[in-house]
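Please read the structure below before turning to the comments.
Derivation of every value follows stated rules applied to the coordinates shown; laboratory data play no part. In this text the structure is predicted, and so the values were computed from the model without any measurement. Positions of Cβ are generated from backbone atoms using ideal geometry, with glycine treated the same way; all protein chains shown enter the neighbour counts.
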Amino acid sequence: MTDINVKIEVEPVNSAPHGPSEEPGQIVGVTGNEAIARGAWEAGVRVAAAYPGTPSTEILESLATYPVDDLHAQWSPNEKVALDVAIGASLGGVRALAAMKHVGLNVAADALMSQSYIGVNAGLVLAVCDDPGIHSSQNEQDSRYFARFAQIPVLEPSDAQEALQLTKLAFELSERFDTPVMLRSTTRLSHTRSPVTVGPRVEPPRRPYRDDPAKQVMIPAYARTRHPLVLEREAKVAAWVDAGELSILEAGASSIGIVTVGMAYSYVKEVAPPASILKLAGSYPLPERTLRSFAASVDRLMVVEELEPVVETALRAMGLATEGKEYFDRTGELSAEGVRAGLVKANVLPAGNRPSTHALTPMPRPPVLCAGCPHMSTFMAMRALEARVAGDIGCYTLSVIEPVRATDICVSMGSSIGIAAGMARTTDGSVPIVATIGDSTFLHAGVPALMDAVYNRSNITVALLDNHTTAMTGGQEHPGTGRTLRGEATHRIDFEQLVRALGVEWVKVVDSYDVPALYQAYREATQFDGVAVVISNRPCVLDPVKIKGPPFEVHAEGCTACQACMNLGCPSITWGDGWYEGRHKVRIDAISCVGCTLCVQVCPTDCIRLVAGQDA
Amino acid sequence: MSEARFEVLIVGVGGQGVLTAGRILGDAAHATGLPVVEGQLHGMSQRGGSVECSVLIGPSESSFLRVADVVVGFEPLEALRAIPKIGPRTRVLLNTGRIVPDELTRAGRPYPLLDSILGDLRAVAGGLDLVDGRAVVEQVGVARTLNIVLLGALAGLDLLPFGGSALWRAVAGRCRPEFLQANREAFDLGQAGVAAQREGAGVSRERQS
C-alpha cells in the first residue's frame with residue numbers, strides 16, 4: 001500500500017502585500033494590531049522583534065511591510081529573546097519594540113523585571129495582547145498585573161485610533177521617565193478593523209550609547225541603588241498622568257460614576273448609562289488626585305474593567321468605596337451585553353424587556369486538524385502504542401479532541417519534554433512516555449528541555465513534528481524555516497544535527513505520510529532505553545504553500561464501515577448514506593480532500609481510491 | 001444612534017473564505033468613502049471551526065454589531081448560531097450547502113434537517129434568501145469561489161449602501177489575476193441567481209412581513 005505516490009500540487013498562498021502607502025492625514029481602515037505597528041513606525045521605531053502568538057502576531061507582520069531602511073523587524077525564537085533584542089536596541093540608542101501575547105510575557109518576564117530597574121536609553125515599548133475569553137490561548141491572565149509587578153506604566157487603548165496614539169505616547173513616556181512602557185491590547189481590539197487617521201513618521205536622532213555600568217549591570221550593589229529609583233519613577237509618572245489630559249471625564253448624572261479603561265470603555269459607551277464616566281488611559285500608575293475628585297463628585301463609584309479587578313483593588317487601597325466585580329464577570333471576555341447586564345444588576349439601568357432569546361444551542365463546531373494534516377498519523381501511532389503523551393502548544397494540541405484524543409497533558413510552550421521526563425520517573429517503563437512538540441515550539445523552549453532529558457538520562461521518546469512553519473498562528477517563519485520575517489533567505493537549522501549535538505543517540509527522520517515507516521519508527525523509539533527522537537518531516541498543508549493533491553473517494557461496495565479511516569479525525573471523512581452490519585459506511589468530501597493518502601493506507605479493504613478521472 | 005449604519009454579519013466554517021469576504025466588503029465600503037468597522041475573531045479560523053465576521057458600514061459611534069441588517073450564512077448550522085443577532089429587520093442570505101460538524105459525525109448524530117433550520121431562521125428573520133452555493137461553484141469549476149458567489153448574491157439583494165459594481169471592484173482588488181475570470185463568473189452567477197428570485201422566478205426566495 002505504501003507504493004502510493006504521494007504527489008502534491010502546490011498553490012502559492014495568496015499574500016496580499018499592503019505597505020505603508022498611506023499619506024499623513026489620510027483615513028485608513030486598520031486593525032488594532034496594524035494601528036500599533038503604524039504608531040510605532042510613526043514614533044520612529046528602528047528595531048522591532050516578536051515571537052508570533054495570537055492575538056499579537058500581526059503587529060510584527062504589519063511592521064515588516066514598512067521600508068527596511070526605516071526599521072529592522074524580526075521574528076525571534078521566543079519572547080524573551082525578542083525583548084532582549086529590543087532592550088539591546090534601546091540601550092544602543094534607538095527606539096525599539098517587542099510584541100507578544102499575554103503568555104509570551106511570562107517567558108519575557110525575567111528580562112522585564114530587571115529591565116525595569118535599568119530603564120532605557122531610547123524608548124522601549126512592550127506591546128502585549130491579552131486574550132480575554134481564551135479564543136486561542138491556554139489561559140486568560142491579565143497582563144496589567146505584570147505592569148504593576150514590574151512597576152512600569154501600562155497604556156490601554158480602547159480603539160484602533162487610540163492604539164496608534166498611545167503607542168506613540170508610550171515611546172515618549174519611556175524616554176521621559178527612563179522606563180520600559182507596556183501597551184496592552186486585547187483580542188477584540190487587535191482584530192477589529194476601523195478607520196484611523198494616520199500621521200507622519202518622526203525620526204528621533206540616535207541617542208549616543210551611555211557608558212554607565214551602575215545603571216546597566218544589575219549586580220546586587222548596583223541593583224540596590226536602582227530599586228529606590230523605580231519607586232521614585234512610579235510617583236513621577238503618576239503625578240504626570242494626574243496633571244495631564246490623559247484621563248477623560250465625561251460628566252453625566254452625579255448619582256453614578258463609572259471608572260473604566262481599555263476596551264471596557266467602548267462597551268460602556270455602547271450601553272450609554274446615565275452616569276458620569278472617567279476613562280483612564282491605563283491602569284498603572286493611577287491618577288490618584290483625579291480619581292479622588294471624581295469619587296467625591298458622585299454618589300456611587302463603580303469600576304468597569306475586563307478580567308481582573310486591577311483598578312478596583314487600587315481604588316479600595318486608596319480608601320475609596322467602590323463597586324465593580326460583583327456586577328461584571330472576572331472571567332471571559334466583557335461585552336456590551338455583559339456591561340448592560342451588570343448595570344441592570346447594579347440597578348443603574350432598568351431591567352427592560354430582554355430581547356427574546358431563542359432557545360437554540362446548535363452543536364458546537366470547534367477547530368480540528370486540517371484534512372491532510374501531517375500530524376494526524378503521529379497521533380494514530382501514539383494511540384496504537386498506548387503511549388502517555390505530554391503535548392505542547394500548537395495545532396497538534398487539537399489532537400486532544402475526539403476521535404484522535406491522543407494528547408494527555410498540555411501546559412505551556414515547550415513544556416512537553418520536561419513533563420515527559422518527569423512523568424518517566426513515575427512509571428516502571430511499561431507505558432511509553434512520549435513528548436510531542438512542533439518545530440517552532442521546540443526552538444522556542446524545547447531545546448533546553450531536551451538537553452535536560454539527555455543530561456539526566458531520561459527514558460522518553462520525543463516526537464519532533466517538523467511541519468516547516470509556525471502553523472497555529474498562521475504560518476510564520478522561524479529559525480528552522482530558512483527565511484526571515486521579511487522573507488530573506490537565512491541559515492536553516494538542521495533539526496537532526498541539532499538534536500544529535502544535544503547528545504541524543506537515537507534519531508530517525510520519517511515522512512509522516514508513510515504510515516508503516518512512521519509506526520515502525522515509533523515502535524523502535526519507544527523500545528529504546530534512553531532519549532529517542534523521531535523527526536517527522538512533512539510540511540503543513542496550509543503554509544507556506546497550500547497543498548492540494550488529487551482527491552480520493554470511497555467505493556461503497558467495498559466499505560465494511562470498520563471506522564479505521566474515521567479514527568484519523570480527518571474532517572473530509574464523514575458518514576455516507578450506506579450501512580454495513582448496522583454501521584454507517586463513510587464518504588470523502590472531494591472538495592476538501594487534499595489527497596494525503598493516510599486513509600488509503602489504513603483502509604483494510606482497499607475501497608478508497610482516487611476519484612475517477614484523477615491522475616496521481 | 002446608528003440609523004444610517006448598515007450591519008452585515010458573515011458566518012461560516014474556517015476555510016470557506018468568510019474573513020476574505022469580510023475584507024472585500026470592508027474594502028468596497030472604504031472605496032465608496034463610507035466609514036467601516038470590521039470585527040472578526042480568528043486565530044483558529046482555518047481549521048474548520050466556526051468563524052464569524054461583522055462588517056459595520058456607515059457612520060456610527062458604536063463599534064459593535066447589534067441586530068444585523070443582513071446575515072450572510074455560508075453554512076446552515078452556522079446561520080442558526082447567529083440567531084441572537086437576527087431580528088425582524090434582518091435579511092438572511094443562506095448557502096444551503098452543509099458541512100457536518102465532526103462532533104456530530106463522532107456522536108453518530110444526524111445533521112439537523114434543513115427544513116427545520118430554515119423554519120428556525122424564518123421564525124426570527126425578516127426574510128430568507130437561499131443560494132445553492134455548491135451548484136454554482138461547480139458551474140464555475142473553482143471550489144474556492146464560494147465566498148464570491150455569496151458576495152454576488154449579496155449585491156443581488158440590492159440592500160448594500162453601494163452598488164454591485166463597487167463590490168465587484170473590491171473583489172477584483174483582492175484577486176490574483178489567474179482567478180479573476182472565475183471570480184467574475186462566480187460573482188455574476190450569485191448576483192443573477194438572487195436577482196432572478198427577486199423577480200419571482202425562483203422558488204427559494206421567501207419573505208415575511
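Miscellaneous remarks
- Based on the Kirkwood approach, the hydrodynamic radius assigned to chain A is 26.7 Å, with every pair of different Cα atoms included.
- Once the convex hull of all Cα atoms in segment B:1-111 is built, its volume per residue stands at 103 Å³.
- Quarter the surface of the alpha carbon convex hull of segment A:62-165 and you get the mean projected area, 7.2 square nanometres.
- Near B:Val13, the amide H atoms lying under 5 Å from its own belong to B:Val51; only residues 5 or more places off or on other chains count, and H is placed 1.01 Å from N.
- Sorted fewest first by neighbouring Cβ atoms within 10 angstrom, A:Glu156, A:Glu323, A:Glu250 come out as A:Glu250, A:Glu323, A:Glu156.
- 5 angstrom amide H check on A:Tyr580, placed H, neighbours 5+ away: A:Lys585
- Along each principal axis, taking the top coordinate minus the bottom one, the Cα set of segment A:170-268 gives 52, 37, 26 Å in descending order.
- For segment A:248-345, convex hull volume per residue from C-alpha positions, Å³: 85 Å³
- Relative exposure of A:Tyr455, A:Tyr522, judged by other C-beta atoms within 10 Å (fewest first): A:Tyr455, A:Tyr522
- Summing charges over neighbours of A:Ala163, with a neighbour being any other residue whose Cβ is under 11 Å away from its Cβ, gives -1 when K and R count +1 and D and E count -1.
- Axis angle, to the nearest 10 degrees, between helix A:336-345 and the longest C-alpha principal axis of chain A: 60 degrees.
- Over segment B:6-195, the pair-distance histogram of Cα-Cα distances with 10 Å bins from zero comes to 10, 39, 39, 11, 1 percent, rounded to whole numbers.
- Gyration tensor verdict on segment A:376-542 (Cα atoms; rounded if a/c is under 1.5, prolate if a/b is larger than b/c, oblate otherwise): prolate
- For segment B:158-172, Karplus couplings with θ = phi - 60° (6.51, -1.76, 1.60), whole Hz, Gly/Pro x: 6, 10, 5, x, 9, x, x, 5, 5, 5, 4, 4, 5, 4, 4
- When DSSP beta bridges are restricted to pairs lying wholly in the protein assembly as shown, around 40% turn out antiparallel.
- Hydrodynamic analysis of segment B:83-170 uses the Kirkwood radius over alpha carbon pairs. Inserted into Stokes-Einstein at 20 °C and 1.002 mPa s, it gives a translational diffusion coefficient of 144 µm²/s.
- Whole-Hz Karplus values for segment B:183-193 come out as 5, 4, 5, 4, 4, 5, 5, x, 5, 5, x Hz, taken residue by residue from phi with 6.51 cos²θ - 1.76 cosθ + 1.60 and θ = phi - 60°; glycine and proline positions read x.
- Evaluated over the Cα positions of segment A:27-243, the convex hull gives a direction-averaged projected area, one quarter of its surface, of 11.3 nm².
- Under 9 Å, Cβ to Cβ, from B:Glu103 - net charge with Lys/Arg +1 and Asp/Glu -1: +1
- Against the compact-protein benchmark of 2.2 N^0.38 Å, the Cα-based radius of gyration of segment A:288-409 scales to 1.73.
- Taking a straight Cα-Cα cut-off under 22 Å and skipping sequence neighbours fewer than 8 places away in the same chain, the lysines within cross-link reach of A:Lys80 are A:Lys101, A:Lys215.
- Working value for segment A:549-610: equivalent-ellipsoid semi-axes of 17, 11, 10 Å, each the square root of 5 times a Cα gyration tensor eigenvalue, largest first.
- Rh (Kirkwood; distinct C-alpha pairs) - segment A:383-451, Å: 12.0 Å
- Rounded to the nearest 10 degrees, the angle from helix A:102-118 to the longest Cα principal axis of chain A is 40 degrees.
- Over all projection directions, the Cα-based convex hull of segment B:76-133 averages an area of 3.9 nm².
- 18 Å cut-off, amide nitrogen to a point 7 angstrom out along A:Ala235 Cα→Cβ, residues in segment A:156-191: A:177-179
- Net charge of Cβ neighbours under 12 Å - reference B:Ala68; Lys, Arg +1; Asp, Glu -1: +2
- Label point distance in nm, A:Arg330-A:Met113, each placed 7 Å from Cα along Cα→Cβ: 2.3 nm
- Chain A: angle of helix A:79-92 to the longest principal axis, Cα-based, in degrees nearest 10: 40 degrees
- Shown in residue order for segment A:398-406 are the 3J(HN,Hα) couplings computed by the Karplus curve 6.51 cos²θ - 1.76 cosθ + 1.60 at θ = phi - 60°: 5, 5, 6, 7, 4, x, 5, 5, 10 Hz (x for Gly and Pro).
- Amide H contacts of A:Arg483 (H built 1.01 Å from N, in plane; Pro and chain starts excluded): A:His478, A:Thr490 sit under 5 Å, all sequence-distant by 5 or more or on other chains.
- The mean sequence distance of close C-alpha pairs (under 8 Å, at least 6 residues apart), as a share of the length of segment A:248-345, puts its relative contact order at 30 percent.
- Residues A:Phe328, A:Phe528 arranged by fewest to most Cβ contacts within 10 Å: A:Phe528, A:Phe328
- Projected onto their three principal axes, the Cα atoms of segment A:226-282 cover extents of 46, 21, 17 Å, largest first.
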